[in-house]
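Below: one structure, written as C-alpha cells.
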Amino acid sequence: MSSALASFHFLRPWWLGLLVPAAFLWWHLRKGAAATSRWATVIDPAILRALTVGADRKSRLSPHDLLLAAWILGALALAGPTWKREPSPFADARPPVMIVLKVTPSMKTEDLPPSRLARAVQKLSDLVTAREGASTGLVAYAGSVHLVLPPTPDKDVVIAMAQALSPEIMPREGDSLAEAARLASAVLRDGGKGGSVLVMADAVSPDQAALMKSSGKLPVEATLWAALPPARLDAADDLASAASTLDALLQGMTPDRSDADAIARRLDRATANGDVAGEGERWHEAGYWMTPLLAFLALAWFRRGWVLGS
C-alpha cells in the first residue's frame, strides 16, 4: 500500500485544471438555485411562502451537487490516475540480440562438420528457433565490418542472410572483432530496447584482444559462442582471454541443441547496462474505472424535475 501511494501520480495532470471552472460554476448555480430567490424582491415573503410548494423540504442532493461530482470524476479520469506499471503491448517479449559472425577462411575448416562456418549458421538457426518472435540482427566481420541486418523478428530472413555469407565475399581478410562488437552494441543502443551481443568465432587475434582490453567491456551483455570442436575449446586461450575482456560467457558448441537452449535462456534475461528501469513497460492507467460511476450519476438526470437554473 505504501509503495502504491508513493508511486501515485497523474499521467495528464493538466486536466485537473478543469476543477477550477467546476467549482466556480457550482458556486454560481447554488447561489441562484432557490426557485423563490428571483421573486423574493417583488413578492411579500409571507405570500411567497404560501405560493411555494415544497419550500420547507430540504433536498440532500441537488442537480448542482451532482453536476459538480460528475465534473470532478470526469476531470480525474481524463488526468489518468496511476500507481503501478504494466508490460507494454508494443514491447518485445524478449530482448533483441546482435549476432557478430566471423567470416574468414579459418571458419571454412572442416574439423566441425561440415565446416565451422556452416555449423555456426546451423547453431544460429537453432537459436532463433528457440527464441521465436525475438528480434535478431547480424554483423559479419573479417578484416572489415559490415552490418548485414538490423534486429528483426523474422527468423527466416536472419537465417537466409547468414547462409549467404562466405569468406569469398568479404572485402578484406583479417580480424576486426573489436570494431564489429562495438558496431553491434551501437545498433542495440540506437534501438533503445536493450539486448545483448553474441559473438560466433573460432579465434581472436592478439591485436584485437589488446584493442578490446584498451577500450573496455561492451555497454551490453555479451556471449562468445566458440566455433570449435569441444576437444579444442580447452586449449583456446585466445577465446578465453577475449571472453574475459568482454566480460562474456564462453560457450562451446555441442552436438545437440543444449548449447543453443542455454544461450537462449541467457539472452532472454539480458538487459543493457544503464537502461532505464522498466524498459518495455508503461504506467497502468486507472481512469477508465471511473466511467461506471459517471454513468451511474448520469441516471439521475432522468429524474423528473431535475433541472439546472441560474
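Matching residues to (1) closer than 28 Å to residue 94 by Cα; (2) of a type in the set (Phe, Trp, Tyr); (3) without any contact (Cβ under 8 Å) to a residue 24 or more places away in the chain:
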| site | (1), (2), (3) |
| --- | --- |
| 187 | yes, no, no |
| 205 | no, no, no |
| 216 | yes, no, yes |
| 227 | yes, no, no |
- Is it true that residue 168 is part of a loop (DSSP other than H, G, I, E, B), more than 23 Å from residue 220 (Cα to Cα), of a type in the set (D, E, K, R) and more than 35 Å from the chain's Cα centre (by Cα)? no
Scanning the stretch 146-165 residue by residue, the ones that are assigned to a strand (DSSP E or B) and more than 17 Å from residue 97 (Cα to Cα) total 0
Residue match in the stretch 137-145 (condition: open to solvent by 20 Å² or more (accessible area, probe 1.4 Å) and outside any helix (DSSP H, G or I)) = yes
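Right, residue 142: in contact with a Pro (Cβ under 8 Å, 6 or more places away or on another chain), small (Gly, Ala, Ser), under 30 Å from residue 231 (Cα atoms) and touching a residue at least 12 places away in the same chain (Cβ under 8 Å) or not?
Values: in contact with a Pro (Cβ under 8 Å, 6 or more places away or on another chain): yes; small (Gly, Ala, Ser): yes; under 30 Å from residue 231 (Cα atoms): yes; touching a residue at least 12 places away in the same chain (Cβ under 8 Å): yes.
Criteria met by residue 142.
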The strands (runs of 3 or more DSSP E) lying wholly within the stretch 176-256 that contain at least 1 residues that are aromatic (Phe, Trp, Tyr) and buried (at least 16 other Cβ atoms within 10 Å of the Cβ) are 221-226
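Quick one: which of 120, 130, 162 is open to solvent by less than 10 Å² (accessible area, probe 1.4 Å) and over 14 Å from residue 228 (Cα atoms)?
162
Table: residues versus (1) in a helix (DSSP H, G or I); (2) open to solvent by less than 40 Å² (accessible area, probe 1.4 Å); (3) farther than 24 Å from residue 82 by Cβ; (4) at pLDDT 85 or above.
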| residue | (1), (2), (3), (4) |
| --- | --- |
| 261 | yes, no, yes, yes |
| 267 | yes, yes, yes, yes |
| 270 | no, yes, yes, no |
| 273 | no, no, yes, no |
| 285 | no, no, no, yes |
| 297 | yes, yes, no, no |
| 300 | yes, yes, yes, no |
| 309 | no, yes, yes, no |
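The values are calculated or read from the model by the stated rules, or taken from the named source; none is laboratory data. These numbers come from a predicted model, not from an experiment. All Cβ positions, even for glycine, are placed from backbone atoms using ideal geometry, and neighbour counts span all protein chains on display. What goes into the accessible areas is simple: the full protein's heavy atoms, side chains included, and nothing from ligands, DNA or RNA. Shrake-Rupley method; radii C 1.70, N 1.55, O 1.52, S 1.80 Å.
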